[in-house]
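**Q** Quick one: structure below, then a few questions.
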Amino acid sequence: MNSTLSRMRRGFTLMETVIAIGVLALLLTAFLAVFGPATTGLRKAISVQEADRLAAALERELVTLRPGGSGPSYTTGFDKAYNWIEQASDGSETVMLYQYRGNPTSLREDGTMEPFTQGGGVAGKDFVVQPMVRLRSDTLLMEDLNALDGRIFAAKLTQLEFSNGQLKKRESGGINPDPNNTGESLGGSGSDAYVEAVIAFAAEFFIVPNSAPEYVRQGGKFDPNNLTKPIFTRNLAVRR
């Protein structure tokens, strides 16, 4: 009986321990090889909610007329959207998206809040975090970035045209005034010459690698042409 109990209580041999450690190390290596890159990619990605917020902010700003703003004036929301899409697609402008701490007691001429640049403060009382979309050339962009909250994003906009019964991204910059090839012509220029009621476009969103105002300002080191891998893309549309 004592001999049997002794055999039952015997621990692992050195060889068995070495084999077990080797198997565990192999499994751990395989796990890291498979899930390591995925984890790294996940850190660089954004949540679905944040992606929805960015897309919604872009759609809203494209058709919002801001009186007394620092940028050009537009006749209608559709005219503004047309010009932004045209400029963003031909590379003459860059659409910037971000959030900043706005002062709810002080509004600018364009209807947006003055940036809250004081230290501290209570969210919802002293400042309100505002989603904002501006062109890179907008001088108010630099003011907002003094109260930046989070990261800066850039959006590339490309018109969608019908080709062989499918919507496809326009290969050249600018906007085709007759995207469905109807042969119709309205004359005029800009949005007045656009024959359809809707502009369909693809919006590619990128994370700007550096949020420093001096980096993203007009003429700064930020080069939108270096953005080649969007974090997400949405097909959107604006209507007259």
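The values are calculated or read from the model by the stated rules, or taken from the named source; none is laboratory data. Keep in mind it's a predicted model, so treat the numbers as computed, not measured. Here the Cβ positions follow ideal geometry from the backbone for every residue, glycine too, while neighbour counts run over all protein chains shown.
**Q** Go through 231, 199 for me and flag whichever is within 27 Å of residue 73 (Cα to Cα), touching a Phe, Trp or Tyr at 6+ places or on another chain (Cβ under 7 Å) and touching a residue at least 12 places away in the same chain (Cβ under 8 Å).
**A** 199
**Q** Could you grab me the full set of residues in the stretch 154-169 that are modelled with pLDDT of 90 or more and either in a loop (DSSP other than H, G, I, E, B) or among the small types (Gly, Ala, Ser) (or both)?
**A** Scanning the stretch 154-169 gives 154, 155.
**Q** Do we find a residue being touching an Asp or Glu at 6+ places or on another chain (Cβ under 8 Å) and either in a loop (DSSP other than H, G, I, E, B) or not assigned by TED's automatic domain parsing to the domain that holds residue 53 (or both) anywhere in the stretch 73-88?
**A** Looking through the stretch 73-88, none of the residues is touching an Asp or Glu at 6+ places or on another chain (Cβ under 8 Å) and either in a loop (DSSP other than H, G, I, E, B) or not assigned by TED's automatic domain parsing to the domain that holds residue 53 (or both).
**Q** Still on this structure, please answer the following. Could you identify the single residue in 94, 112 that is crowded, with 20+ Cβ neighbours inside 10 Å and either touching a residue at least 12 places away in the same chain (Cβ under 8 Å) or of a type in the set (Phe, Trp, Tyr) (or both)?
**A** Criteria check complete, one pass: 94.
**Q** Of everything in the stretch 196-240, what is among the aromatic types (Phe, Trp, Tyr) and surrounded by fewer than 18 Cβ atoms within 10 Å (Cβ to Cβ)? Give them in sequence order.
**A** Correct list: 215, 232.
**Q** Shifting gears a bit: Read through the list (1) within 23 Å of the chain's Cα centre (by Cα); (2) among the polar types (S, T, N, Q); (3) surrounded by 15 or more Cβ atoms within 10 Å (Cβ to Cβ), then give the number of the only condition that residue 191 fails.
**A** Checking residue 191 against (1) within 23 Å of the chain's Cα centre (by Cα); (2) among the polar types (S, T, N, Q); (3) surrounded by 15 or more Cβ atoms within 10 Å (Cβ to Cβ), the one that fails is (1).
**Q** Can you pull out every residue in the stretch 98-111 that is more than 13 Å from residue 127 (Cβ to Cβ) and either in the same structural domain as residue 172 (by TED's automatic domain parsing) or of a type outside the set (A, V, I, L, M, F, W, C) (or both)?
**A** Hits for the stretch 98-111 are 98, 108, 109, 110, 111.
**Q** Okay, next question. Can you give me the number of residues within the stretch 170-189 that are among the small types (Gly, Ala, Ser) and either assigned to a strand (DSSP E or B) or closer than 25 Å to residue 205 by Cα (or both)?
**A** Of the residues in that region, 3 qualify.
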